[in-house]
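First up is the structure itself, then whatever we jot down about it.
The values are calculated or read from the model by the stated rules, or taken from the named source; none is laboratory data. These numbers were taken from a predicted model, which means no experiment stands behind them. In this analysis, Cβ positions are derived from the backbone assuming ideal geometry, glycine residues included, and neighbour counts consider all displayed protein chains. Note: areas computed on protein heavy atoms with side chains; ligands, DNA, RNA excluded. Shrake-Rupley method; radii C 1.70, N 1.55, O 1.52, S 1.80 Å.
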Amino acid sequence: MKVTAINGSPNAAGNTAYALNQAGLSLREEGIDFEMIHVGNKPVHGCTGCCRCFEKRDGRCVFADDIVNEVLPVLKASDGIILGSPVYYSGIAGAMKSFLDRTFFVSGANGNYFRHKVGASVAAVRRSGGTMTFNSLNMYLSISEMLIASSNYWNVIHGNEPAEAAEDIEGVQVMHVLGKNIAWMLKMKEATRELVAEPEATGKIFTNFIR
Ligand SMILES: Cc1cc2nc3c(=O)[nH]c(=O)nc-3n(C[C@H](O)[C@H](O)[C@H](O)COP(=O)(O)O)c2cc1C
């Protein structure tokens, strides 16, 4: 089984990456493969709402010159996904937000690749906006019928300079516990695959509160 983490920070060795790697350590201890993909250090188009992904339904975004179409099949093939972002102005960092909007829109257009995968979110912050960003990341997971793994506190790690998060020993523990819980959920899912049927996907009712 494999978990893919998305690092939404421009720092490939910063606090977000550090937090994700701590969860990854626990996952590997439990025999789960762990890979991190760096998204925040690349230019990523914002979603233009052109809806070509819903017209074509070919699993691709119309913008073919950035990382989204490359990462989509990797996420589709993963059993678990961890979204990580640094806190920028109390929210998700820009490139990560663009990446998530387009990735989850394409997934939605193609029957929801992420349904019933295990998911978790992680935020790295100097001081304020950690839980707000954590909540915002969780929105992508919860709209996708994902099984959200949790820890013994909200998944936020504190630090400013790259890798300073190592000094946040409570935050480090949160990430270790998160990794263990993700591994356990994946193993439970695997062990009960033949015993407990997944609920079938329901056709989506879509209203805009006007008609
Ligand atoms: C543009 C920008 C905006 C930021 N906004 C906030 C913020 O709202 N609250 C905060 O506590 N830290 C803020 N920070 C600090 C980062 O969240 C913090 O340094 C984080 O650990 C960076 O993670 P990284 O090492 O993975 O890049 C900001 C940093 C930058 C560059």
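Some points to look at:
- Here the gap between Ala77 and Leu195, fully extended at 0.36 nm per residue and compared with their Cα-Cα distance, gives a gain of 40.2 nm.
- Highest mean packing first, where packing is the average number of other Cβ atoms within 10 Å per residue, the peptides 194-200, 87-93 line up as 87-93, 194-200.
- Fraction of antiparallel bridges per DSSP, the chain only, in percent to nearest 5: 10 percent
- Converting phi to 3J(HN,Hα) with the Karplus coefficients 6.51, -1.76 and 1.60 and the offset θ = phi - 60°, the range 172-178 yields 5, 4, 3, 5, 5, 5, 4 Hz in sequence order, with x at every glycine or proline.
- Relative contact order of the range 99-211: 23 percent, from C-alpha pairs under 8 Å at least 6 residues apart in sequence.
- Percentage relative contact order, the chain, counting C-alpha pairs under 8 Å, at least six apart: 25 percent
- Accessible area of the range 2-191 divided out per residue, in Å², using a probe of 1.4 angstrom: 45 Å²
- Stretching the chain fully between Ser128 and Ile210 yields a gain of 25.8 nm (0.36 nm per residue, less the alpha carbon separation).
- Rg/Rh (Cα only; Kirkwood hydrodynamic radius) as it applies to the chain: 0.97
- Of the solvent-accessible surface of the range 2-191, computed with a 1.4 Å probe over protein heavy atoms with every protein chain present, carbon and sulfur atoms account for 53 percent.
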